[in-house]
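K.L.:
Would you mind keeping the following structure in view while I ask a few things?
The values are calculated or read from the model by the stated rules, or taken from the named source; none is laboratory data. All of these numbers come straight from a predicted model, not from anything done at the bench. Using ideal geometry, Cβ is built from the backbone for each residue, glycine included, and neighbour counts are taken over all protein chains shown. Only protein heavy atoms, including side chains, enter the accessible area calculation; ligands, DNA and RNA are left aside. Shrake-Rupley method; radii C 1.70, N 1.55, O 1.52, S 1.80 Å.
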Amino acid sequence: MIGRLMTMTAHAGRGGELAGVLLRVAERLHGFPGCEIYLISQDAADPDTVHVTEVWRDDASAQAALTAPSTADGPAPADVLALLSTAPHRTDLAVLGGVGLPVDDQS
């Protein structure tokens, strides 16, 4: 499994709107093959900062989600980018385990 932590900063006063758009992205990813966790969080001290915690079965699954066609009622990547005051910061992770993750049967 792989993980990503994305930190995004919205234009002043638009953090709630950014979080709302990302929650719509999360709805689209519900049941998407390989998506284990897609968690949206708003910084308690700075509501214009939104974090996305992602866990994917593998890199191919994450890439497939990025290239999947947008739905008519879902947000496009441009909708997210338009709300950002700076480029998002991405941290790549090697996921080791934890609560809420599927058990891998590789005994």
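K.L.:
Could you tell me whether the range 91-104 includes any residue that is over 13 Å from Ile2 (Cα atoms), surrounded by 12 or more Cβ atoms within 10 Å (Cβ to Cβ) and either in contact (Cβ under 8 Å) with a residue 12 or more places away in the chain or of a type outside the set (Gly, Ala, Ser) (or both)?
P.N.:
no
K.L.:
Same structure, new question: Can you name the number of the only condition in (1) free of Cβ contacts under 8 Å to residues at least 12 places away in the same chain; (2) within 20 Å of Ser85 (Cα to Cα); (3) not aliphatic (A, V, I, L, M) that His30 fails?
P.N.:
(2)
K.L.:
Next up: Within the range 26-44, which residues are open to solvent by 70 Å² or more (accessible area, probe 1.4 Å), not charged (D, E, K, R) and not in a loop (DSSP other than H, G, I, E, B)?
P.N.:
Within the range 26-44, Leu39, Gln42 meet the criteria.
K.L.:
Would you pick out the residues in the range 15-25 that are in contact (Cβ under 8 Å) with a residue 60 or more places away in the chain and either at positive phi or open to solvent by less than 70 Å² (accessible area, probe 1.4 Å) (or both)? Write out each step before concluding.
P.N.:
So in the range 15-25, the residues in contact (Cβ under 8 Å) with a residue 60 or more places away in the chain come out as 17-18, 21.
Passing the criteria: Leu18, Val21.
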